[in-house]
Amino acid sequence: MNPVKANLLAALIVLTGGGPETVLHEPTYVYYFFDVQGNLLYVGITNNLRRRWEQHEADKPWWHLVARKESCLYSSRQEAERVEAHQIRTHRPMFNRAMNGWLR
């Protein structure tokens, strides 16, 4: 294993308290933000909803548009990442940049 990968793996072990399988199999949320008309504004992924939503509130200029929040819990981060990517590509939320495939 090259030194960069070894350092990343060591950091993952410290952060998660286990090996890389801990990260992949950690329960993970896919969350959705909607405006008052029900338009999908953003799709995201996290293992800590409260912390992530507080981060959005602190640094997203569009946060004031969020009228409804929804989330779904998945048994692994890998599964949640697949769902998140599918939702973004299918619904093209207004404020997602990654995987959106087009500019607004």
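So here's what we get for this one:
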read-out: Where SER75 falls short, out of the listed (1) at pLDDT 95 or above; (2) over 11 Å from the mean Cα position of the chain (by Cα); value: (1)
read-out: Some residue of segment 85-103 being under 12 Å from TYR32 (Cα atoms), of a type in the set (A, V, I, L, M) and touching a Leu at 6+ places or on another chain (Cβ under 6 Å); value: yes
read-out: Selection count where residues are under 19 Å from PHE95 (Cα atoms) and in a strand (DSSP E or B), scope segment 22-55; value: 13
read-out: All positions within segment 56-70 that are surrounded by 13 or more Cβ atoms within 10 Å (Cβ to Cβ) and either outside any helix (DSSP H, G or I) or under 12 Å from the mean Cα position of the chain (by Cα) (or both); value: HIS56, LYS60, TRP62, VAL66, ALA67, LYS69
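The values are calculated or read from the model by the stated rules, or taken from the named source; none is laboratory data. Quick caveat: nothing in here was measured; it's all calculated off a predicted structure. Here Cβ is always computed from backbone atoms with ideal geometry, including for glycine, and neighbour counts include all displayed protein chains.
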